[in-house]
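So the structure is just underneath, and the comments pick up after that.
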């Protein structure tokens, strides 16, 4: 990683960690990380991104990973949604008649009504007590994954609660979409590590 240097120390606004938690609740940790890194880089350059990694990044490992990836030269997340759609599509075609639901559960504070409004009525809200009503031979469960180190990856703790042994047999596909190129360098706070081969599809 190239070292960011500046003649004067960079001082970022106070409360960025609290602001990041609020944004991550509705955008997800990867999207929120790119949003914050781009904004800081635009205003303060690489020295500010380094300060962001060492400050707020200490509490949010995904933010730390994206910030340090930026310092290594990354400028855009290399995500291909079509590969995730293909993995889910092996369960059923994703035409407008297909029902989509989001399990309303997050370690962050989320306004779920506002979040779901962004999908124009396309996505329904379910919880841990009701999502199994969606199980079936044409159904799939999808979660985001954050990096992969050999055989392990990091996912939201919800996955462990939602995908027990009694659930695995009820869905056609269990899909992890990796939205972070490099494995996490910090302890995966807000996340848990699982074996990548527990998914029927791991989308890099």
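Scan region 187-196 residue by residue and report those that are surrounded by fewer than 16 Cβ atoms within 10 Å (Cβ to Cβ) and part of a loop (DSSP other than H, G, I, E, B).
Those that are surrounded by fewer than 16 Cβ atoms within 10 Å (Cβ to Cβ) and part of a loop (DSSP other than H, G, I, E, B): 187, 189.
Which ones in region 57-76 are closer than 13 Å to residue 36 by Cβ and part of a loop (DSSP other than H, G, I, E, B)?
Of everything in region 57-76, those that are closer than 13 Å to residue 36 by Cβ and part of a loop (DSSP other than H, G, I, E, B) turn out to be 59, 60.
Collect the residues in region 159-186 that are assigned to a loop (DSSP other than H, G, I, E, B) and over 28 Å from residue 74 (Cα atoms), keeping them in residue-number order.
163, 164, 169, 170 - these are the residues of region 159-186 that are assigned to a loop (DSSP other than H, G, I, E, B) and over 28 Å from residue 74 (Cα atoms).
Residue 74: surrounded by 13 or more Cβ atoms within 10 Å (Cβ to Cβ), over 15 Å from the mean Cα position of the chain (by Cα) and either closer than 18 Å to residue 178 by Cβ or at pLDDT below 95 (or both), yes or no?
The answer is yes for residue 74.
How many residues, within region 80-128, are outside any helix (DSSP H, G or I) and modelled with pLDDT of 85 or more?
Here the count works out to 24.
What number goes with the only condition from (1) over 16 Å from the mean Cα position of the chain (by Cα); (2) under 21 Å from residue 157 (Cα atoms); (3) surrounded by 15 or more Cβ atoms within 10 Å (Cβ to Cβ) that residue 84 does not pass?
With respect to (1) over 16 Å from the mean Cα position of the chain (by Cα); (2) under 21 Å from residue 157 (Cα atoms); (3) surrounded by 15 or more Cβ atoms within 10 Å (Cβ to Cβ), residue 84 is out only on (1).
The values are calculated or read from the model by the stated rules, or taken from the named source; none is laboratory data. The shown structure was predicted, so the numbers you read here are calculated from the model rather than taken from an experiment. Every residue, glycine among them, receives a Cβ derived from its backbone with ideal geometry; neighbour counts consider all protein chains shown.
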